[in-house]
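Read through the structure below, which is laid out as structure tokens, and then see the notes.
Please treat every number below as a calculation from the coordinates, not as lab data. Nothing here was measured: the structure is a model prediction, and the numbers come from that model. FYI the Cβ positions are ideal-geometry reconstructions off the backbone, even for glycines, and counts take in every protein chain you see.
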Amino acid sequence: MDGRTVHLLDLPDEILLIILKKLDSVDVLYSLLNINKRLDQMARSIENTKFLNFSTNDVQLNRFCCEILPQIHQNIVSLTLDIFSMERILRACEYPNLTIIVLTNFFPNILSQYLTDESPISRLFQQQIRHLTVKCDKEMVINRSFTDVCVRILAICRNLSYLNVHQWLITNHACLSIRDRPPNVCLSLNLHTSSISVDTFDDCLCLLDGRLKQLRSFTVRIYRIRRSAMGNNNQKISPTLKEFSLTSYLQTDAYDCRILPLLRRMPNLKTLTFSLNIVRLTVIDSLRLNEELLIHMKYLNKFIFHICTVLPDFEANYLLTMNDIKNTFLNWKYSSVSCCIDHFSDGYSYYHIYSTPFQMTDFMCLSNSFRGQDFLYVSSLWLFDTRPFEHDFFEWLSQACPLLKDLLIANLIPQKDKRQVKIIDDKQIVSKISYLHLSRLCLFLAHIDYVDQFLCYTNMYLPTLHTLSIQYDKLVAVTDNFTNDAKQTNCSEIKQIVFYELLVLTKDFYNYFPCL
């Protein structure tokens, strides 16, 4: 026993427990179980074995399944599992108290195989699981397979009260699409909380037509909201709904004819959150929110929003100022409100109003005009401007959005100042920007300068980038046909590249991206 182990055992139990709580439970069990009686007892304590995360521990899996899990199985309440190791872990032993499962590395066709009556683990989903979270990390473009597995989840998991399907909607991810399916799909008598992505507004209406009878909290991301009703005339009131959150990235002109009528059917809401990009001939401000929406919600006590009104300048008789808009919120009873106005060179003005401090995880159409503000909780961001994003803008952005994971850049204007040079001790030093959590980057709508900005290691440090969406010719140009070492560092961990075109890729390409 070395000196460090003796020193550890000399600590009182209270200090040891504090240390163990700061460590991953799977690592603690793997390292300490059956090693020392005192540490073994602490490692297998109920608090340390309730919630286990196996999403990134493939190397340890064999010992856990054969030795550790059978010793602690009665304590386990929640498991986080990789889809490829799920069956092995769930079949390792009985889990009488397991009610929560979080699935990562989601593939619809694989999960569907387990959600059948013939599957050896289906009984667990049918009888025990009440909370299910599915994390979709990869780009998927087939709505049918995604919809099939969502329908299967609600059919098999009869006791499910919580369903959360994480999706990234800035680019073309698959979404739930049930508007053309029979009305008896996605039925649930017990589901009271759900977070999901749907393809169209009509799919959202289908979920609110009474098939989810106990639904109290609903978070929905809608890929597109169009004016046409697509044959869905659902006008049912949603009396059980207490919390509702709506996000849609694409611009919509259906706010008045579709979104407002839906929200007015929720008279018992206590919490309302929405983030919308609305094309309209008049700007939405406090007066319109009160008169058109809030007057119908007498129980509402929390309202968080971000509305971007896109207004054609040729339709406006008078361009509003920020003071004009702020003055309408002087007697606002909810959280503080900020606004920002962009008059772009393409003939459109963007009028942003949003609750502050900004608490939402998504932000759309952020421009150079937002410099100096903080968006500490934003993890998914859409940048747009008709002015260039310079190097110092991305330096500010890395501080303003420290949790940023998903980024889309829509800017075809080349940079003027590609790098920020600082003078330190009479030496020129190029500042390097770090995005420590950025995992998905979409550059389809970006000038090639921004490809160079992000992929060049001397400009950016991107240790967690795993998905890149880009045109092939831009990637070839920036990487000098996959030979530029300065770009390869930020590309070394990329596991998926989305081109949206069929290509025959070269050996040099695969050598440049070794994790594909």
### Message
Cβ neighbours within 10 Å, averaged per peptide: list 358-364, 268-274 in order, most packed at the top.
### Response
358-364, 268-274
### Message
Testing the spin-label approximation: label points 7 Å from Cα along Cα→Cβ at Asn62 and Gln496. State their distance in nm.
### Response
3.0
### Summary
Between Asn97 and Arg419, Cβ-based FRET efficiency (R0 51 Å, step 0.05) works out to 0.35
### Query
For Asp117 and Gln399, what does the FRET efficiency come to when R0 = 45 Å and r is the distance between their Cβ atoms, rounded to the nearest 0.05?
0.30
### Summary
Residue span Phe314 to Thr361: 0.36 nm per residue of separation minus Cα-Cα distance leaves a gain in nm of 13.6 nm
### Message
At 222 nm, what value in deg cm²/dmol follows for the chain if DSSP H runs of at least 4 each add -39500 (n - 2.57) and the sum is divided by all its residues, to the nearest 500?
### Response
-6500 deg cm²/dmol
### Message
So if the hydrodynamic radius of the stretch 116-165 is defined as the Kirkwood radius over C-alpha pairs, what does Stokes-Einstein give as its diffusion coefficient at 25 °C and 0.890 mPa s, in µm² per second?
### Response
208
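At 0.36 nm per residue, and after removing the present C-alpha to C-alpha distance, how many nm does the segment from Ser335 to Ile18 gain when stretched out fully?
Result for the pair: 110.4 nm of gain on full extension.
State which entries of Lys474/Lys507; Lys302/Lys326; Lys135/Lys495; Lys135/Lys333 exceed 26 angstrom in Cα-Cα distance in the structure shown.
Too far apart for the 26 Å limit: Lys135/Lys333.
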### Query
D for the stretch 373-516, whole µm²/s, Stokes-Einstein with Kirkwood Rh over alpha-carbon pairs at 4 °C and 1.567 mPa s: what number?
83
### Estimated inter-spin distance, Leu187 and His343, nm [label 7 Å along Cα→Cβ]
5.8
### Query
Scaled to the compact-protein estimate 2.2 N^0.38 Å, what is the alpha-carbon radius of gyration of the chain, rounded to two decimal places?
1.08
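Treat every Asp and Glu Cβ in the chain as -1 and every Lys and Arg Cβ as +1, leave all other atoms uncharged, and give the resulting dipole magnitude about the Cα centre to the nearest 20 debye.
1660
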## Note on the structure
Treating only Lys and Arg (+1) and Asp and Glu (-1) as charged, each at its beta carbon, one finds that the stretch 373-516 has a dipole about its Cα centre, in Debye to the nearest 20, of 180
### Task
Mind giving me the FRET efficiency for Asp27 and Asn481? R0 is 30 Å, r the Cβ-Cβ distance, nearest 0.05 is fine.
0.10
### Query
Which percent, nearest 5, of DSSP beta bridges in the chain are antiparallel?
20
### Task
Can you tell me the alpha carbon radius of gyration of the stretch 189-308 divided by the globular rule-of-thumb value 2.2 N^0.38 Å?
0.99
#### Entry: Virtual spin-label span in nm between Ile295 and Cys515, 7 Å along Cα→Cβ
5.4
